[in-house]
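The values are calculated or read from the model by the stated rules, or taken from the named source; none is laboratory data. Please read all numbers here as calculations on a predicted model, not as lab measurements. Don't worry about glycine lacking a Cβ; one is built from the backbone with ideal geometry, like all the others, and counts go over all protein chains shown. With ligands, DNA and RNA removed, areas are computed over all heavy atoms of the protein, side chains included. Shrake-Rupley method; radii C 1.70, N 1.55, O 1.52, S 1.80 Å.
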Amino acid sequence: MVDRRFGSALRQIIAILCLSGWVMLLTGCLLITGEQTTVSLQGSAANILTSFVSAEGADEYRVPALPPNTEVQAIVFLSVESGDVQIDLIQPDGAVSFVLASRPGAQVTRSGPIRSDDQGQIRYRLTARNARNGEVQIFLLP
């Protein structure tokens, strides 16, 4: 009888550990439904537009948008009907250039300098919590 209780407790502990592991794996994921992303390039300028129906979590993106090691002015527009969205533009060395957080029902804008990495990529991180009907637009201008 003691063995059954020990076995049952052991199975519960294993189930909890497995569930915790899955939660930790999903913590770094951004789950987006209805996502549409377009990238338009013209010389050393770029326009990145992402719209979505719903989003939850966090993820980092790398977009090949510019010539390597090019500094440009980034203008970011962010809107969401409900929930919270934050975008962090990240420099090649990992430093955050600037952060923009949404206000539900309103469009917010911010601008600042950003540099592409050795491959011409721009890095940014999106974090969303219960976000619905949102749009992120990034203009990169020389």
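Numbers at a glance
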read-out: Hits in segment 95-107 - residues which are more than 15 Å from the chain's Cα centre (by Cα) and surrounded by fewer than 15 Cβ atoms within 10 Å (Cβ to Cβ); value: ALA95, ARG103, GLY105, ALA106, GLN107
read-out: Flag if LEU78 is touching a residue at least 24 places away in the same chain (Cβ under 8 Å), surrounded by fewer than 16 Cβ atoms within 10 Å (Cβ to Cβ) and closer than 19 Å to GLY34 by Cβ; value: no
read-out: Count of residues meeting criterion [modelled with pLDDT under 75, among the aliphatic types (A, V, I, L, M) and not in a loop (DSSP other than H, G, I, E, B)] in segment 1-59; value: 13
read-out: Test for PHE77: is it under 15 Å from the mean Cα position of the chain (by Cα), of a type in the set (Phe, Trp, Tyr) and under 16 Å from LEU31 (Cα atoms); value: no
read-out: Cβ pairs under 6 Å, 6+ apart, first in segment 113-141 and assigned by the TED database to the domain that holds ALA45 and aromatic (Phe, Trp, Tyr), second modelled with pLDDT of 95 or more and open to solvent by less than 10 Å² (accessible area, probe 1.4 Å); value: TYR124/ILE87; TYR124/LEU89
read-out: Residue count, segment 103-116 (criterion: modelled with pLDDT of 95 or more and small (Gly, Ala, Ser)); value: 2
read-out: Answer from GLY94, GLY112 - the residue that is among the small types (Gly, Ala, Ser) and not in a strand (DSSP E or B); value: GLY94
read-out: Lone unmet requirement of (1) in a loop (DSSP other than H, G, I, E, B); (2) open to solvent by 70 Å² or more (accessible area, probe 1.4 Å) for ASP84; value: (1)
